[in-house]
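Presented below is the structure to which this report refers.
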Amino acid sequence: MKSLMTLWMLALLVGGLISDAAAQPAARQRPAPTGENRATPIDRIKPAAGFAIELLYSVPADQQGSWVNLCADDRGRIYASDQYGGLYRFAPPSSGQPLDPATIEPVPAEIRAVNGMLWLNDSLYVGVNDYEAKIASGLYRLTDSNGDDQLDHVELLRELKARGDHGVHAVLPTPDGEALYLVCGNSTQMTELADGSPVPEVWGEDHLLPRLPDGRGFMRDTVGPGGVIYRASLDGQSFTAVAVGFRNIFDAAINQDGELFTYDADMEYDFNTSWYRPTRINHVVSGGEFGWRNGAGKRPDFYADTLPTTLDIGPGSPTGMTFGYGAKFPPRYQNALYALDWSWGKVYAIHLEPRGASYQATKEEFLTGAPLPITDAIIHPGDGAMYFAIGGRRVQSGLYRVTYVGDADTTPVPAKVTTTPERTLRHELEVWHGRRDPQAVDFAWPHLGDSDRHIRWAARTILEHQPIESWAASALSEPDPAIAVEALLGLARAAGVCPQHRSEETPAVDRQIGKRLIESLLAIDIERLDSQRQLTLVRTLQIVMNRFGRPEPETVARLVERFDPLFPAASREMNWLLCETLVYLQSPTVADKALGLIAKAATQEEQIEYARSLRMLTAGWTLESRREYFEWFLRAASFTGGASFEKFIEFIRNDALETLTESEREQLAELLERKPVKKSPLDNLGEIFADREPTEWTLDELAEATKTGLVERDFERGRKMFAASACFACHRFNNEGGMTGPDLTTAGRRYSPRDLLDHIINPSKEINEQFSSVVVLTDSGQLHTGVVVNLNGNNITLNTDLTDPNRRVTINMNEVESLEPSKVSAMPEKLLERLTQEEILDLVAYVLSGGDPQHPSFLAGGE
C-alpha cells in the first residue's frame, strides 16, 4: 500500500529544519502511513528571537478546505475563509491551548471564495474572487438579518469581472472610516468609475518599440492600467481609482500616518531579463501609477511615468499584510509592517522611516518555515498576539499564534503620527486630484520642479485632470527646464492617445501638439538638468512619439543630431532610454555603440536590454556588425531565466531576422543556420579561464589577504568576476541574477570577509535552509535531488539545477518511497580556483559593498 506523504512529513525533512537525529538515518526513511490532516509543526518554523509560535489548529481539508483570509469582529472572534468554500468563525483559545474543533462554527451566509474581509459597522465586508465562477466576483456585505448573531444576509454591492488568481482581493477601511479600499489584481476588469477619481484616465502602454508579449501567452492581450486599488463607498455605489499599475496585489495596510502600503507580485516567467521586477513594497499615493504592463512592457522604476518602489523584496508570492499596531511585542515590532510570502514561507517585518514625501524601508525575516504557504495574518485586538494561517491552492491549512516571550518591554507604544514638510505638501496637492478648478494649475505649477519625485507626481497629476487648453501653452513655453520637462510629460500623456487604447470613439490626436512638444523638448538644454530630469526628458520624447506618431524626416534628423552624441551615457538607465530612442529614430551609429555595450556588460540582463532594442534597427548595419549581433544569440542560448525566457530570446531573434535584407540573409546563411551549443554557467566559467592553472586557495590565506587588501579595489572588475564566477546564475544582486540561491545584495551586513569566503570555499559547511536540497526516491525507483520550489495540492516541485530555474520535476507525494535532506550544498565547490588573488579581493569587495561604487573598499586609502 502506498504511503501518503503529507505536508507535515515534508516539513520534517525539507529545508534543513530537521533534527540531528532525523538527519542521520541508517537507511532511507519511508514516510509513515497517515490519514491525518496536520499542518507544519512549530519546531519547523523559526521566529525572530524572543518570539514563540503555537500551532492552534490543523484544518481538515475535506471538511473546511484551505484557509486564505482572517478577520476579527468587534467581539474578538476570528473569521476564516476557505479559498474554494465558505466562512468559519471561532473565538481564539486561551494561551497554551489548541483551538477546539467543536468551537468552530460555519457561517450560514451563502458566500464562497472570499479573499478579503473587513468587519465594519456590524457588517462583514468581503471581496470575492471565485475561481470556479459559482457566484459573481466582487464586493459583498454580510449582515445578521434577525439578531441571532449569525451572518445570514448576503448583499452584492458591486460585481467585478475577474478571472484566476489575479482578481478581487482585500477590503480595508479608509483612514476616516467613511469608505473602503478594495484591492484588485490585474485580471480584474476596470469597473465604472465615478467622477473625482484621483487617477487621471490618461494611461497607456507607451512602448516606443513594439512590446514583446509573454512567451507563454500569459495575459498577452491585457493592456494597462493593470491592478487597481479602489476607494468604494460603503454601499458600493461609488468607485474611484486611488492608484493603478499593479500586477497581483493581494492585501494592503494603513499606517498611523494614514498612508497606504501594498505588497505587489513579481512575474516569475521574467526572471533574469532586464524587465523583471521583484516583489515589492509600494507606498500607494493618490493618483499613483506603478507601471505593470504585460510581457516585456513593465516599466522600470526610473521611468518618469511610474512611481518607484519603496522596497524591493525579491522573488516570491505576496499574500497578506498587516501593521503590528496593538501587538504585545517590543516597540520595534509594534510599529513594523508585516508582509507575507506564500512561496518562500516567510513573514517579513518591514521597518519604515519617513523620507521626504514618502518613506524608505528595510526588511528582516520575522519568521520562516518550510513548507509554510502563509496566506494571511492579523493582530488580535484582545490578546495582542499575531494569528496567521497557511493554506491556499488546496494545500494543507493551519492556524498559528505568535506571541512574545522574551525580556523586552511590550508596553503599548502610543500612537504617533509622523509628518514631514514634503508629505504635508504632497497632501495639499492631492486635495486637487480628480477636480477641475480654475485655480488648480496655478497651485500646482511651481511644484512641478520640486526635488522630491512624489511631489512632482502629485503636481503633475493635478494638471492631467485640468482642461488641456488651460495649461498647454504654459507647458510649451516654460523657461525653467526642471518645471518644463514635468509639464511636457503631463501634456504628452493628457493630449496624446496610446495606439493600443484607441477605438472608433477616440478623437484623433492633434499632431500639431505633438510637433510643438518635440520643439519644446529640443529647446531644453539637457546639460542644465540633473540626472533624474534628463531621464524624464528622454522618456517624455518616447511618449510623444508613441502617442502622436513618428515625426517628419527633418525632425527625425534633428533628434538624431541632438541625442546621438549622448549615447553611450554614464548610467545604464540613460543608456536603456537612449538605445530605444535612437533605434526608433534609426540612428546610423546606434548599432556599433550598442554592440560595444553588450560586449562590456557583465550581466545577461544588461545585454538583453540592448539586444531587445537592436532587433528593430534597419539602419547603420555592416555585415560585420550584423554577424556580431547574431553571434550574440548563440551565446544567449546558454543564458537561463524564467519559464518564458527562451521564448523571449526567440522573439527578439525573430524580429531581428525580419530586418535583414535578402543580401544579408545570403551572406549570413551559415551563421543563421548554426545551432547553438548550450552551456551551463559552470561550463562557461571553465572556458573563460581555460588558459589558467587552478590554485587551491585556502580560507586562511585569502582571509589574511582581506585584512589589508580591501582598499582601492576595482569595482568594475569585481562586478565582472561576480558574473564570470557564475554567481549571477543563482544569486540575485541589486535586482540582477538568479533566484535559486540567497540574495547577496545585503551580504555586507551579514558577513565579514572571512565568513563570505568560508561560504564560497566550503559551501556545504553551513547550508541556508531555504535553499537546501532534498533527495526523493519514488516508488518506481526514480531518484530526484533538488530544492522544493512549489507546493500544489498533493504535489511538490523540485528545482533540480540551481543554475537553471526551469529544470524542474513535479512529484506526487503519494508516490514517494523516501525523502531525506541532502548534506551536500547545491552550490558547487572550487569556484575561486581559476581566479587570481587580486580578482578574488575585487569580488569580495564588490559583494560586501552591496554594489555601491562609493563603498570605502573602492576609494583611495579606504576613505
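Couple of notes before you dig in:
- Solvent-accessible surface (1.4 Å probe) assigned to residue 823 amounts to roughly 140 Å².
- Only protein heavy atoms count here; on that basis, with a 1.4 Å probe, residue 665 has an accessible area of about 80 Å².
- Computed per residue of the chain from DSSP H runs no shorter than four, each worth -39500 (n - 2.57), the mean residue ellipticity at 222 nm is -8000 deg cm²/dmol.
- For the range 801-861: rounded, prolate or oblate by the Cα gyration tensor [a/c cutoff 1.5]: prolate
- Whether the chain is rounded, prolate or oblate, judged on the alpha carbon gyration tensor where a/c under 1.5 counts as rounded: oblate
- For a straight C-alpha distance cut-off of 17 angstrom, the aspartates and glutamates reachable from residue 593 (same-chain residues fewer than eight places away being disregarded) are 561, 564, 573, 580, 606, 609, 624, 628, 631.
- Rolling a 1.4 Å probe over the heavy atoms of the protein chains gives the chain an accessible area of 40 Å² per residue.
- Sequence-ordered 3J(HN,Hα) estimates for the range 589-597 from the Karplus curve with 6.51, -1.76 and 1.60 and θ = phi - 60° stand at 10, 5, 4, 5, 5, 5, 5, x, 5 Hz, glycine and proline given as x.
- Per principal axis, descending, Cα span of the range 97-145 in whole Å: 37, 28, 19
- Sequence-distant aspartates and glutamates (8 or more away, or on other chains) whose Cα lies within less than 15 Å of residue 161: 130, 132, 192
- Sequence-distant lysines (8 or more away, or on other chains) whose Cα lies within less than 21 Å of residue 675: 647
- Carbon/sulfur fraction of accessible area - the chain, other protein chains in place, 1.4 Å, %: 48
- Around the amide H of residue 277, modelled in the peptide plane, lie the amide H atoms of 267, all under 5 Å away and 5 or more residues distant in sequence or on another chain.
- With 10 Å bins beginning at zero, the pair-distance distribution over Cα atoms of the range 327-366 amounts to 29, 47, 23, 2 %.
- For the range 470-527 versus the range 330-349, the gap between their alpha-carbon centres in whole angstrom: 43
- Convex hull per residue volume in Å³, alpha carbons only, for the range 687-804: 165
The values are calculated or read from the model by the stated rules, or taken from the named source; none is laboratory data. Keep in mind the model is a prediction, meaning the values are calculated, not measured. We work out accessible area using only protein heavy atoms, side chains counted, and drop any ligands, DNA or RNA first. Shrake-Rupley method; radii C 1.70, N 1.55, O 1.52, S 1.80 Å.
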